[in-house]
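Note sheet for the following structure.
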Amino acid sequence: MPPSDIAAELERILAQGGAALFGFADLRGLTPPPLAQYDHAVSLALAMEPGIMASVIAGPNQAYAQLYARTNERLGALCARLEEALKAAGHQAWAVPASVRSDPVNMRGDFPHKTAATRAGLGWIGKNAQLVTHSLGPWLRLGTVLTDCPLPAAAPVERSFCGDCEACLRACPAGALNGAQWTPGLIREQIFSAHTCDAWKKENFLRIHDGHICGICTAACPFGQKTLRR
């Protein structure tokens, strides 16, 4: 089956699964040695409910924790369907787990969902160190399926559209954000301190999802707030 036909089938699955945004990424030269066989990816985003996201500006709550967990479950199921379809077409594929730290010391997963998303043209990395899109802001959850199938890749996003906005910096109660403007290749620590963020969550929000979520900087993003107004 030619890659264009595989792409059409994946798009059908994504639309049926309720993906708000999706695209195909060329990752050649970006996957680490254990994943080097995967040089392309499917990147997708599920939208988070705007009313709940707006409420998080006052701090994480149970409604947000439940939405976060439900959305991750939906991502897992949809990514599993995409992986299955790619394997059925004769290609290698692997769904990167959502919100799983395979490296707990450095607080990283096996491959960054945000890298696949920027390469698939979905958005840029905001000053809150999250993927920001024009249509949803950061009010979304990302999924990634790595593959060796040469899918027709989108043009990557290679600049930030945050401009002079510092709403997320002002909102962050931990002071974990550095205010750096993202460009491809900028290391995470230049944008924010993951350890400072994590320590604050554990100290202040342990009762909410075991201290693994906050979302205040996400709620503050003007690009996200536009979805509420719409």
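The values are calculated or read from the model by the stated rules, or taken from the named source; none is laboratory data. Note that the coordinates shown come from a computational prediction; the quantities given were computed from them, not determined experimentally. Cβ sites come from the backbone with ideal geometry, for glycine too, and all protein chains shown count toward neighbours. For accessibility, only protein heavy atoms count, side chains too; no ligands or nucleic acids. Shrake-Rupley method; radii C 1.70, N 1.55, O 1.52, S 1.80 Å.
Here are the numbers for the structure shown:
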quantity	calculated
Test for residue 66: is it of a type in the set (S, T, N, Q) and more than 17 Å from residue 213 (Cβ to Cβ)	no
Residue 84 vs. criteria more than 30 Å from residue 217 (Cα to Cα), in contact (Cβ under 8 Å) with a residue 40 or more places away in the chain and either open to solvent by 60 Å² or more (accessible area, probe 1.4 Å) or of a type in the set (D, E, K, R) (or both)	no
Filtered residues of region 22-46 (kept if open to solvent by 40 Å² or more (accessible area, probe 1.4 Å) and either in a strand (DSSP E or B) or farther than 19 Å from residue 148 by Cβ (or both))	22
Residue count, region 154-168 (criterion: aliphatic (A, V, I, L, M) and under 11 Å from residue 221 (Cβ atoms))	1
Output for region 48-57, where each listed residue is touching a residue at least 40 places away in the same chain (Cβ under 8 Å) and open to solvent by 40 Å² or more (accessible area, probe 1.4 Å)	50, 51, 55, 57
Selected residue (only one of 164, 198 is among the acidic types (Asp, Glu), part of a helix (DSSP H, G or I) and under 22 Å from residue 57 (Cα atoms))	198
Unmet requirement for residue 70, which otherwise passes all of (1) farther than 19 Å from residue 7 by Cα; (2) open to solvent by 20 Å² or more (accessible area, probe 1.4 Å); (3) at pLDDT 95 or above; (4) touching a Lys or Arg at 6+ places or on another chain (Cβ under 7 Å)	(4)
Filtered residue count, region 162-175, keeping only those that are out of contact with any Gly (no Cβ under 6 Å at 6 or more places or on another chain) and either touching a residue at least 40 places away in the same chain (Cβ under 8 Å) or within 14 Å of residue 214 (Cα to Cα) (or both)	9
Whichever residue in region 202-227 is in a loop (DSSP other than H, G, I, E, B), open to solvent by less than 20 Å² (accessible area, probe 1.4 Å) and of a type in the set (A, V, I, L, M) and, among such residues, is farthest from residue 136 (Cα to Cα)	208
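Residue-by-condition table, conditions (1) touching a Gly at 6+ places or on another chain (Cβ under 8 Å); (2) modelled with pLDDT of 95 or more; (3) open to solvent by 50 Å² or more (accessible area, probe 1.4 Å):
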residue: 78; (1), (2), (3): yes, yes, no
residue: 92; (1), (2), (3): no, yes, yes
residue: 98; (1), (2), (3): yes, no, no
residue: 106; (1), (2), (3): no, no, yes
residue: 120; (1), (2), (3): yes, yes, no
residue: 133; (1), (2), (3): yes, yes, no
residue: 138; (1), (2), (3): yes, yes, no
residue: 142; (1), (2), (3): no, yes, no
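Here's the yes/no breakdown for (1) in a helix (DSSP H, G or I); (2) open to solvent by 40 Å² or more (accessible area, probe 1.4 Å); (3) modelled with pLDDT of 95 or more; (4) among the polar types (S, T, N, Q):
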{"residue": "150", "(1), (2), (3), (4)": "no, yes, yes, no"}
{"residue": "160", "(1), (2), (3), (4)": "no, no, yes, yes"}
{"residue": "170", "(1), (2), (3), (4)": "yes, yes, yes, no"}
{"residue": "179", "(1), (2), (3), (4)": "no, no, no, no"}
{"residue": "182", "(1), (2), (3), (4)": "no, no, yes, no"}
